[in-house]
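Asks: Provided herewith is a single structure, encoded as structure tokens, for subsequent inquiry.
The values are calculated or read from the model by the stated rules, or taken from the named source; none is laboratory data. Since the structure is predicted, the reported quantities are computational estimates derived from the model, not experimental observations. Glycine gets a Cβ as well: all are built from the backbone with ideal geometry, and neighbour counts include every protein chain shown.
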């Protein structure tokens, strides 16, 4: 599932094409994705000017000139594609289309249909059920090591599980939590409440560094992620531990024949990758 870097990459691709542009035609080619699409989606968007394209956690927020916001989540396989010239024929899984007054066409394609779209009316976005319990944005000015430690202080769950909780911190998922914990030198099995002081500072710095580097790389393309331009992300080539079970991690000086290299365990039904020597 796309995490913060992938969604941020999509946002940055859509913003130059949509912001300030009028949607001259919007069209839903099916009635639902993961959930039913908003009633009269096409009619409600047609004629509206896009005021901004933002991201909140793993959600895209497309603001409109009437104060409403189109909320979009990419699910497992959703992606937006941009065509600035004559678009090709529709593909089987093109489900929603936006055409702008500048002649661009933006298509939402989602083979598995685990994504969704909704419209929050003016003033209703902050209370939307998908957004109202999300924690701080990790790349914002409102987030630092102290805020992180405070959010973790009463949590007895493993730190890996805590960081996946969107009420603790926004936008992190399975891939980036494994990479962040590796860079911070913290075992995924450590109790979240024990991450204080220097450990919290290292964790905060690792979160910021990993996310910024992944965004710069266009995200990670492991299966479905594509940038709106159609290009792949390439941060997957920089993974230290994720998906590298049995391999040496960067900077490893241990005897892999004895340690087994990068370890994979199951936590909350998801695979966790880590180095038993470098992460404590």
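Asks: Could you tell me which residue of the stretch 209-230 is farthest from residue 81 (Cα to Cα), considering only residues that are at pLDDT 90 or above and surrounded by 15 or more Cβ atoms within 10 Å (Cβ to Cβ)? Working first, answer last.
Replies: Here is the first cut: in the stretch 209-230, the residues at pLDDT 90 or above are 209-217.
Now narrow it down to the ones that are surrounded by 15 or more Cβ atoms within 10 Å (Cβ to Cβ): 210-211, 214-215, 217.
On the way: 210: 26, 211: 23, 214: 20, 215: 18, 217: 18 Å.
Taking the candidates together, the pick is 210.
Asks: Here are the criteria: (1) modelled with pLDDT of 90 or more; (2) surrounded by 14 or more Cβ atoms within 10 Å (Cβ to Cβ); (3) closer than 30 Å to residue 153 by Cα. Tell me which single one residue 249 does not satisfy.
Replies: Residue 249 satisfies every listed condition except (1).
Asks: If you go through the stretch 66-81 one residue at a time, do you hit one that is over 28 Å from residue 139 (Cβ atoms), assigned by TED's automatic domain parsing to the domain that holds residue 101 and modelled with pLDDT under 95? Walk me through how you get there before you give the answer.
Replies: Step one: filter the stretch 66-81 for residues over 28 Å from residue 139 (Cβ atoms), giving 66.
From what's left, assigned by TED's automatic domain parsing to the domain that holds residue 101: 66.
Narrowing the set further to residues that are modelled with pLDDT under 95 leaves none.
Checked the stretch 66-81: no residue is over 28 Å from residue 139 (Cβ atoms), assigned by TED's automatic domain parsing to the domain that holds residue 101 and modelled with pLDDT under 95.
Asks: Pull up the stretch 252-280, narrow it to residues that are assigned to a loop (DSSP other than H, G, I, E, B) and in contact with a strand residue (DSSP E or B) (Cβ under 6 Å, 6 or more places away or on another chain), then point me to the one that is surrounded by the fewest Cβ atoms within 10 Å (Cβ to Cβ). Break it down stepwise before answering.
Replies: The initial filter retains those residues of the stretch 252-280 that are assigned to a loop (DSSP other than H, G, I, E, B), namely 252-255, 260-262, 268-269, 275-280.
Applying the additional criterion that residues be in contact with a strand residue (DSSP E or B) (Cβ under 6 Å, 6 or more places away or on another chain) yields 262, 276.
Details: 262: 24, 276: 14.
Residue satisfying both the conditions and the ranking: 276.
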